[in-house]
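Structure incoming, see below.
What follows is calculated from the coordinates using simple rules that are stated; it is not laboratory data. Treat the numbers as computed from the prediction; the structure is a model and nothing was measured. A quick note on method: Cβ atoms are made from the backbone with ideal geometry, for glycine too, and the neighbour counts reach across all protein chains shown.
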Amino acid sequence: MKKYLVDDTAYFVNAKGSGPILIFAHGFPFDGRLFEPVIDKLAARFHCVVPDLRGFGKTPLGSNGHNSLGAPRVKMGRFADDLAILGSEIACERGNKGEKIFVCGLSMGGYILLELLRRRPQIIAGGIFCDSNASADPEEKAAGRNYLADTIDSFGVHTLADNMIPSLVSPKTTKDKPEIAALLSDIITSQSPEGVAAGSRGMAVRRNLVDLLPTVEAPILVLGGADDKLSSVESLDAIAEALPNGSRATIPDAGHVPPLENPDAFADAILEWHSRISQ
Ligand code: MLT
């Protein structure tokens, strides 16, 4: 892994391939390992950049990963700014200052992609919006996220993994690929309670960006697992329709984490879309 100084922290990043920059933003509470199975295939077309987001995996939370009272909190805009800094750093390193970036965001990563499109549309060449939504949390859900942040120290990440995993994978994954649930458990239980609290508080205060969708000019591929219990096929169809340059693909035999559950179909959907928008 390579280290990049981003704002007040050091982002740990895996990078592979040549072509336009494609940065991957993982979901909550995961890290860059979420995308590992799709990178080899996509590296033939893109320079794939897979960071652990601030507070997750190996990337420290940093002092800017806290609210004004000192509690861990990373807003989606902070993550978005981090990725913009990382993208421009990598573009400079490649001798291509000002290069636009592609961003693939899954679930929480999708919230981050929308924040990038709101704050810095000029740097986005295109986006892949996976298993996510554009709305703010209803009050009750936001309260649940704050409760999780306040109690994760005592409940621990093992309880979090046990609670989450059944809703993350498709029935076929559960039956045919038990190793995926085991990997998710490894990923979730390796996160720090502090990072989990920060992401959870950040998601609780995210904006409703439904009204942003019709203003997005960049081409966006909306992807989702056919059996995702957290982002329904219908809700993702509606997002693709609201985007002026939206495309849509559904990944069979996958729930909320298609890059792990059906990596070939996930990578093929991105390659097919990129060929189409590049013509
Ligand atoms: C994720 O995978 O990032 C989470 O499901 C996002 C969320 O809790 O809204």
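State the answer as a single residue: which of 42, 134, 249 lies farthest towards the positive end of the charge dipole of the chain, with beta carbon charges of +1 for Lys and Arg and -1 for Asp and Glu, about the Cα centre.
About the Cα centre, the residue reaching furthest to the positive side is 42.
Under 5 Å between amide H atoms, partner at least 5 residues away or on a different chain: which partners does residue 23 have, H built in plane at 1.01 Å?
Under 5 Å from the amide H of residue 23 lie the amide H atoms of 49, 102, 103, 104, each far enough along the sequence or on another chain.
Given N residues in the range 160-222, what is its alpha carbon radius of gyration divided by 2.2 N^0.38 Å?
1.54
For the chain, take every pair of Cα atoms, bin their distances at 5 Å starting from 0, and report each bin as a whole percent.
Once binned at 5 Å, the Cα pair distances of the chain give 1, 6, 13, 19, 20, 19, 13, 6, 2, 0, 0.
Here is a follow-up. Calculate one ³J(HN,Hα) per residue across the range 5-11 by plugging θ = phi - 60° into the Karplus curve 6.51 cos²θ - 1.76 cosθ + 1.60, and present them in order as whole Hz with x for glycine and proline.
Karplus-based 3J(HN,Hα) across the range 5-11 equals 6, 10, 6, 9, 9, 10, 7 Hz.
From the helices alone, meaning DSSP H stretches of at least four residues, give me the mean residue ellipticity at 222 nm for the chain, per-run term -39500 (n - 2.57), in deg cm²/dmol to the nearest 500.
Mean residue ellipticity at 222 nm (helix-derived): -14500 deg cm²/dmol.
Over all directions, how big on average is the projection of the convex hull of the alpha-carbon atoms in the range 1-140, in square nanometres?
8.5
Scan around residue 46 for amide H atoms under 5 Å from its own, H built in the peptide plane at 1.01 Å from N, and keep only partners 5 or more places away or cross-chain.
18
Same structure, new question: Given 199, 180, 169, which one lies farthest toward the positive end of the charge dipole of the range 168-263, if we put +1 on the Cβ of every Lys and Arg and -1 on the Cβ of every Asp and Glu?
In the range 168-263, that residue is 199.
Could you work out, for the range 174-279, what percent of all Cα-Cα pairs fall into each 5 Å distance bin, beginning at 0 Å and stopping at the bin that holds the largest distance?
Bin by bin from 0 Å, the calculated values are 2, 11, 15, 17, 19, 18, 12, 6, 1, 0.
Using Cα centres only, tell me the gap between the range 184-233 and the range 99-117 in whole Å.
Measuring centre to centre over Cα atoms gives 10 Å.
Moving on. Reachable aspartates and glutamates from residue 229, Cα under 18 Å, same-chain residues fewer than 8 places away excluded?
Once the sequence-local aspartates and glutamates are set aside, what remains near residue 229 is 131, 137, 162, 237, 253, 261.
For the range 32-92, run through the trypsin sites (Lys or Arg not before Pro) and keep only the ones in DSSP coil with at most 16 other Cβ atoms within 10 Å of their Cβ.
Those satisfying the criteria are 58.
So if I place +1 on the C-beta of Lys and Arg and -1 on the C-beta of Asp and Glu, and nothing else carries charge, what would the dipole magnitude of the chain be about its Cα centre? I want it in debye, nearest 20.
About 700 debye.
Same structure, new question: Under 17 Å between C-alpha atoms is the cut-off here; go through the range 1-143 and count lysine pairs that meet it, provided they're at least eight residues apart or on different chains.
Details: 2/16; 2/58; 3/16; 3/58; 16/41; 75/141.
So the count works out to 6.
With just the Cα atoms defining each centre, how far is the range 68-92 from the range 125-139? Give it in Å.
If you average the Cα positions of each part, the centres end up 17 Å apart.
Moving on to the next point. Would you mind telling me the antiparallel percentage of the DSSP bridges in the chain, rounded to 5?
In the chain, approximately 30 percent of DSSP beta bridges are antiparallel ones.
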